[in-house]
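Everything on this sheet refers to the single structure shown next.
The values are calculated or read from the model by the stated rules, or taken from the named source; none is laboratory data. Fair warning: this is a prediction, and the values are worked out from it, not measured in the lab. All Cβ positions, glycine included, derive from the backbone under ideal geometry; neighbour counts span all protein chains shown. Keep in mind that these areas ignore ligands, DNA and RNA; they rest on the heavy atoms of the full protein, side chains included. Shrake-Rupley method; radii C 1.70, N 1.55, O 1.52, S 1.80 Å.
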Amino acid sequence: MALVLAETVAGGAALLFLTPLWSEVRRGFFKVTGSVLLVLAVSTWGSISFGYQGGSAAGRLALWLSLALWILTLAWVGLLFAGADKLARAIGFCSVPLSMALLVALAGTAGDSAVIGFLQLAAGAAFLGAVLDGLLLGHWYLTDRGLSRGPINRFTSFLLVAVVLEAAAVAAGGFGPAADSTNTSFNPILTAFGMAQWIALGMVAATALIAVMIRLTLRGERASAVQSATGFFYLAVITAFAGELATKVKFLGGG
């Protein structure tokens, strides 16, 4: 859970600050999204704290970085509510490399290569960040009727690309049983029999189909097209998170 939460915060923050959204949507969207990211950042720190085992240098680094991340997220969200937009944006931008550093630290806990582990986490961040920010953006269209289709079309394109990256990440993890198949923390069907990766691949395929449906839906000119696309984003959140949880079983168990 710590891995999936960290991916979501990293991807959500990156797509929030590394895209032109700041000049396209009202600050209220950043307040809403930032508040969600803050809850997820605190949850990431709590999950890492719960799962941390003494003696792991990578785990210790991840613990401190996750603490710094939620404090930094609290800072920029608080400044945004206080009206200090420029400073909030600057600090929010700094949270992106910090979240990437957290993924690097977490990659050091992987059963296999830390490099492969980071690439898998980065793909997961793009995957989960696209569905989360896309869902929140779809809801924002209900409050900002004059917003163009550009932002949500962009996030749909991000999701389509992220699906490909995630599929590659799942495949990179292999489809055999986990090395530590005796781990009783998970259902043995997911570990000893290697079902987790197949479930993950199925969820990625389902998300890909949903992404295509979102793209087709947004071709409609009526405002209801965005509402329908937002409904599809709801489904994408479910399939994407389920897929990430499944594939991280193999990540923890090694290849």
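Note on the chain: GNM, Cα springs under 10 Å; of ALA57, ALA110, ALA242, the largest mean-square fluctuation is that of ALA57. Could you check which residue among PHE241, PHE127, PHE93 shows the biggest mean-square fluctuation in a GNM of the chain with a 10 Å Cα cutoff? Per the Cα network of the chain with a 10 Å cutoff, PHE93 tops the list.
Considering only GLY134, GLY92, GLY83, the Gaussian network model of the chain with Cα springs below 10 Å gives its largest mean-square fluctuation to GLY83.
Assigning unit charges at the beta carbon (Lys, Arg +1; Asp, Glu -1) and nothing else, what dipole magnitude in debye, to the nearest 20, does the chain show about its Cα centre?
Details: 14 positive and 10 negative charges, 125 e Å.
It works out to roughly 600 debye.
Please list the helices of the chain that count as membrane-span-like by this rule: a mean Kyte-Doolittle hydropathy of at least 0.0 together with Cα atoms stretching 30 Å or more along the helix axis, each helix being a complete DSSP H run.
Details: long enough: 27-51 (35 Å, 1.10); 57-81 (36 Å, 1.81); 85-107 (33 Å, 1.42); 114-140 (38 Å, 1.59); 150-172 (33 Å, 1.48); 195-217 (33 Å, 1.70); 224-253 (45 Å, 0.98).
Helices meeting the span and hydropathy rule in the chain are 27-51, 57-81, 85-107, 114-140, 150-172, 195-217, 224-253.
For the chain, leaving out every one of the trypsin sites (Lys or Arg not before Pro) that falls in a DSSP loop and has at most 14 other Cβ atoms within 10 Å, the longest unbroken run is 27-144. Across the options ALA6, GLY146, ALA208, the greatest Cα extent toward the positive end of the charge dipole of the chain (unit charges at beta carbon of Lys, Arg, Asp, Glu) belongs to GLY146. About its Cα centre, the dipole of region 1-135 is roughly 340 debye, where the only charges are +1 on Lys and Arg Cβ and -1 on Asp and Glu Cβ.
Heavy-atom accessible surface of ASP85, to the nearest 10 Å², is about 50 Å², with a 1.4 Å probe and all protein chains retained. Straight-line cross-link reach from LYS86 at under 28 Å between alpha-carbon atoms covers these lysines, not counting any fewer than eight positions away in the same chain: LYS31.
At a Förster distance of 30 Å, what's the computed FRET efficiency of ASN153 paired with ALA205, Cβ-Cβ distance as r, to 0.05? Intermediate results must be reported in sequence, preceding the final value.
On the way: r = 23 Å, r/R0 = 0.75.
Result of the calculation: an efficiency of 0.85.
Residues MET1, MET203 ordered from highest to lowest accessible area at a 1.4 Å probe: MET1, MET203. With both labels modelled 7 Å from their Cα along Cα-to-Cβ, the LEU87 to THR143 distance reads 2.3 nm. The candidates TYR141, TYR52, arranged from most to least accessible area with a 1.4 Å probe in the full protein assembly, appear as TYR52, TYR141.
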